[in-house]
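Here is the structure we will look at, set down as structure tokens.
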Amino acid sequence: MKSKYILLFATLCLFYGCKEKITGFDISLNSKIKLDTIYISELITKKPIAKVYESKETKTVKLDFPTVASIHFKNNNRGYLTILAQNKNLNISILPDSSLTTNSKSDSLINYLWRSTIPFISENSKFIFNTKNIDSIPILFEKLRIKRENEIRKSEGQFSPEIAEILYFQNIARIYNYLFFFGRTTKNLNPNDSYFNFIEKIPKASKTLKSNPFIYLYKYEVEYLRKNQSIESITDFLRFIEEKINNKELADFLKANYIKALIEDPLLWEKHKKLFDTEVLTQILNSEKTNLYYNILEQPSSSFYASQNGEKAYLFQAEDKFGNQFNLESLIGKVIFIDTWATWCAPCLNHRPKVLEFAEKYKTNDDVAILFVSVDSSKDKWLSFLGKEKKKLGTNLFIENGMRTEFGNSYNIKSIPRYILIGKNGKIINSNIIEPSLSVENEIEKALREK
């Protein structure tokens, strides 16, 4: 009897096919303007999910589990968030001003969650930054949480429970991310401070953390430091993460994002960064070979190694204000100081007068080159800024969206301003200068004395 059913199943497969059922979602695109390629990528990992090239095109994309993604153009400007889920059709529209949107209520809600935190902070900035009762700040943000939760609840019938879970999580994650930033970085509060007691309200970790893992990493840091007086080692903290989450996939995801953050955002990990160097990274990479998200570490690790002091400087190409091509190789043999900046970066503009002082001081010294490398997305904005600048000093260069190019990767530039000093031998002296200062000027002078 059993063989009879096997034969029947084989016959059905022969005639009708026995293909794996594809679960996913359909993407369609409407645009009344000239179309650039539209990219869809995971929000946190930046993993590519799909590309859409033509208006009215419909394509099916496989999806294993719901996730938050970014819809954007190649330069990643004017992105729009979406929650992707199985059987949720994604209809993307490009508006006349080139902005992106979808026909989904859950997508409008997640964009509301992401965009409403900063205005709330601005409206309450006097209280937040002046109150002496620090514990009142989490209470203030509880009002925002409740307000946004009510907005989600009003529309809950329009999307699946899985999507609703992500929205509720995103609501609290955006709030707690700021509260952690304010307490850990802005105020540098002791982990034992009662301000951090809001960590007790953070829900038990589930797959939704993949859309915003950092609140758990910050939570575990507070818990670790409440148990220990200091971070003993990076490895110890990785083991602590494993202990807190009894799920290999989620633990691996958190560990991979923690290591990536140490490389790309060290200023947010002050208590950890002094323990982190190339030797430690090598040890970690060897111990994490079985990490399910090891791929997240590959590119940041390469950038970290390449940007270390003593390594050969990446010989990038750029464009000057006349449209001529520039190659860093042409300056090897000189001491090179690079100011990486953009017209939209307020700290960059605040520090620029000091770099111009460097350029003034060394303008007749053929052994020194001062480069201003703009990483703007708009060449016109860069040229407009230069046209208004009175002092014409140093060499001004342009690399479109430079932080997301080989230039940005090779020097591990994930935030600006960023200043880089290269010696006469073409090797990096310091690739992580936070601001121009007298000590930097002394480094330039010391480099000039080197043969």
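General remarks:
- Lone qualifier among Phe337, Phe276 - being under 28 Å from the mean Cα position of the chain (by Cα), in the same structural domain as Pro191 (by TED's automatic domain parsing) and aromatic (Phe, Trp, Tyr): Phe276
- Subset of segment 421-447 that is buried (at least 19 other Cβ atoms within 10 Å of the Cβ) and of a type in the set (Gly, Ala, Ser) - its residue that is nearest to Phe372 (Cα to Cα): Ser431
- Helices (runs of 4 or more DSSP H) enclosed by segment 120-184 - at least 2 residues per element that are in contact with a Lys or Arg (Cβ under 9 Å, 6 or more places away or on another chain) and not polar (S, T, N, Q): 136-154, 161-181
- Among the conditions (1) surrounded by 18 or more Cβ atoms within 10 Å (Cβ to Cβ); (2) aromatic (Phe, Trp, Tyr); (3) within 20 Å of Val375 (Cα to Cα); (4) under 19 Å from the mean Cα position of the chain (by Cα), Phe326 misses just one, which is (4).
- Lone qualifier among Asp380, Asp376, Asp320 - being under 21 Å from Pro436 (Cβ atoms) and not aliphatic (A, V, I, L, M): Asp376
- Taken together, Asp339, Asp320 contain a single residue that is buried (at least 19 other Cβ atoms within 10 Å of the Cβ), under 26 Å from Lys379 (Cβ atoms), in contact with a Phe, Trp or Tyr (Cβ under 8 Å, 6 or more places away or on another chain) and of a type outside the set (A, V, I, L, M, F, W, C), which is Asp339.
- Residue tally, condition part of a helix (DSSP H, G or I), over 25 Å from the mean Cα position of the chain (by Cα) and not charged (D, E, K, R), over segment 208-244: 1
- Leading residue by the ranking (modelled with the lowest pLDDT) among those in segment 145-181 that are of a type in the set (Phe, Trp, Tyr) and surrounded by 15 or more Cβ atoms within 10 Å (Cβ to Cβ): Phe159
- Listed by position, the strands (runs of 3 or more DSSP E) inside segment 316-370 whose residues that are free of Cβ contacts under 8 Å to residues at least 40 places away in the same chain number at least 2 are 325-327.
- The criterion of at least 2 residues that are among the aliphatic types (A, V, I, L, M) and closer than 17 Å to Phe358 by Cβ is met, among strands (runs of 3 or more DSSP E) falling completely within segment 380-433, by 418-422, 428-433.
The values are calculated or read from the model by the stated rules, or taken from the named source; none is laboratory data. Since this is a predicted model, take the numbers as computed values, not measurements. A quick note on method: Cβ atoms are made from the backbone with ideal geometry, for glycine too, and the neighbour counts reach across all protein chains shown.
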